[in-house]
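Visitor: Quick one: structure below, then a few questions.
The values are calculated or read from the model by the stated rules, or taken from the named source; none is laboratory data. Predicted model, so just to flag it, every value in this text is computed and none were measured. For neighbour counting, all protein chains shown are included, and Cβ atoms are generated from backbone atoms with ideal geometry for every residue, glycine included. Areas reflect the complete protein model, heavy atoms only, side chains present, ligands, DNA and RNA absent. Shrake-Rupley method; radii C 1.70, N 1.55, O 1.52, S 1.80 Å.
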Amino acid sequence: MENWITTVMEEFGYIGVFLLIMLENLFPPIPSEVILTFGGFWTTQSDLSVFGVVVASTIGSVVGAIILYGIGALVGIKRIERFVDRWGKVLRLTSKDIHKANSWFEKYDVWTVFFCRFIPLIRSLISLPAGLAKMNFFTFLLLTTLGTLIWNLVLVNIGAAVGESWETIVHYMDIYSNIAYAVLAIIFIVVVVRFYQKKMRS
C-alpha cells in the first residue's frame, strides 16, 4: 500500500496527491497519514511545495466528502426506515430509534462533523450521516474544509520537517489512531448501554 502511494505521488505530483486523498475519503482504509506525511517529505526532494500539497490534498478531501455526503442524501432517511421496518426485528431496531439517532446528529452535527475530521477512518465516514441527516450543505462544506485544512497542514508540515524520517510519524499516527478508536468504542458502549436501559424502563 505505502509503495503504491509513494509511486503515484512521485509520478503525478499534485494531481497524484489530489487523487490519493479523494480516494482515501471514498475508501477509508487508505491511510491519509501516509499520503500527507510522505507528501510533506516529498516537498524536500522535488519541485512540490508544502503550500501546493496542502491545497491539493484539501481539495481532494473536500471532493471526496461531497461525494459521500451526496450518497447519504440520496439514500435518505425514508429508505433507511423501510430497511428497518423489514429487518428491524433481527437488528432489534425500530423506526423510532432511527429518528432518535437522526435527531441526535441534527443537534450536534456542527461539532461532530468538525471534530471527526481529526480521527482517522471516522474522518471520511462522517460525511455519510451528514448527508443522511440533510445537514445544511454549506455548513457541512465549511466545517469539512476547515477541519481537513487543519489536519492536512499539520501532517504535511510534520512530514516536511522530519524529512526521511516521515515513516516514524506514521508509526506514531497508528498509535494515535488506536487510542482514538478505543475512546470511541468506550463511548459507543456507554451510549448503547444507556439507550437499552432507557428502553427497558419505558
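Visitor: How many of the residues in the stretch 17-43 are open to solvent by 50 Å² or more (accessible area, probe 1.4 Å) and at pLDDT 85 or above?
Guide: 3
Visitor: Quick check on my filter: what residues within the stretch 44-59 are more than 17 Å from Gly147 (Cβ to Cβ) and surrounded by fewer than 19 Cβ atoms within 10 Å (Cβ to Cβ)?
Guide: Within the stretch 44-59, Thr44, Gln45, Ser46, Asp47, Ser49, Val50, Phe51, Gly52 meet the criteria.
Visitor: Separate question: Scan the stretch 108-132 for residues that are aliphatic (A, V, I, L, M), surrounded by fewer than 20 Cβ atoms within 10 Å (Cβ to Cβ) and touching a Ser or Thr at 6+ places or on another chain (Cβ under 9 Å) and jot them down. If you could, list the steps in order and put the result at the bottom.
Guide: Just the residues of the stretch 108-132 that are aliphatic (A, V, I, L, M), to begin with: 110, 113, 119, 121-122, 125-126, 128, 130, 132.
Okay, now just the ones that are also surrounded by fewer than 20 Cβ atoms within 10 Å (Cβ to Cβ), so 110, 119, 121-122, 125, 128.
Within the stretch 108-132, Val110, Ile119, Leu121 meet the criteria.
Visitor: Can you tell me which residue is nearest to Gly40 (Cα to Cα) among those in the stretch 133-145 that are open to solvent by less than 50 Å² (accessible area, probe 1.4 Å) and not in a helix (DSSP H, G or I)?
Guide: Met135
Visitor: Please go through the stretch 1-16 and pick out each residue that is within 21 Å of Pro120 (Cα to Cα), open to solvent by 10 Å² or more (accessible area, probe 1.4 Å) and not aliphatic (A, V, I, L, M).
Guide: Glu2, Asn3, Trp4, Thr6, listed by residue number.
Visitor: Right, Ile21: more than 26 Å from Phe137 (Cα to Cα) and of a type in the set (A, V, I, L, M) or not? Even if it seems obvious, please write down each step before you answer.
Guide: On the way: more than 26 Å from Phe137 (Cα to Cα): no; of a type in the set (A, V, I, L, M): yes.
Taking the combined requirement at face value, the residue does not satisfy it.
Visitor: Within the stretch 143-162, can you find the residues that are touching a residue at least 60 places away in the same chain (Cβ under 8 Å) and aliphatic (A, V, I, L, M)? Write out each step before concluding.
Guide: If we filter the stretch 143-162 for residues that are touching a residue at least 60 places away in the same chain (Cβ under 8 Å), which is where we start, we get 144-145, 148-149, 151-153, 155-162.
Leu149, Leu153, Leu155, Val156, Ile158, Ala160, Ala161, Val162 - these are the residues of the stretch 143-162 that are touching a residue at least 60 places away in the same chain (Cβ under 8 Å) and aliphatic (A, V, I, L, M).
Visitor: In addition: I want to confirm something. Restricting to the stretch 12-50 and keeping residues that are among the β-branched types (Val, Ile, Thr) and part of a helix (DSSP H, G or I), which single residue is nearest to Val156 (Cα to Cα)?
Guide: Initial filter on the stretch 12-50 (among the β-branched types (Val, Ile, Thr)): 15, 17, 21, 30, 34-35, 37, 43-44, 50.
Now restrict to residues that are part of a helix (DSSP H, G or I): 15, 17, 21, 34-35, 37, 50.
Values: Ile15: 16, Val17: 11, Ile21: 13, Val34: 10, Ile35: 9, Thr37: 5, Val50: 7 Å.
Only one residue tops the list, namely Thr37.
Visitor: Looking for whichever is at pLDDT 60 or above, polar (S, T, N, Q), open to solvent by less than 60 Å² (accessible area, probe 1.4 Å) and under 23 Å from Val53 (Cα atoms) here; the options are Thr148, Thr168. Which one fits? Quick ask: steps written out before the conclusion?
Guide: Details: Thr168 fails: open to solvent by less than 60 Å² (accessible area, probe 1.4 Å).
It is Thr148.
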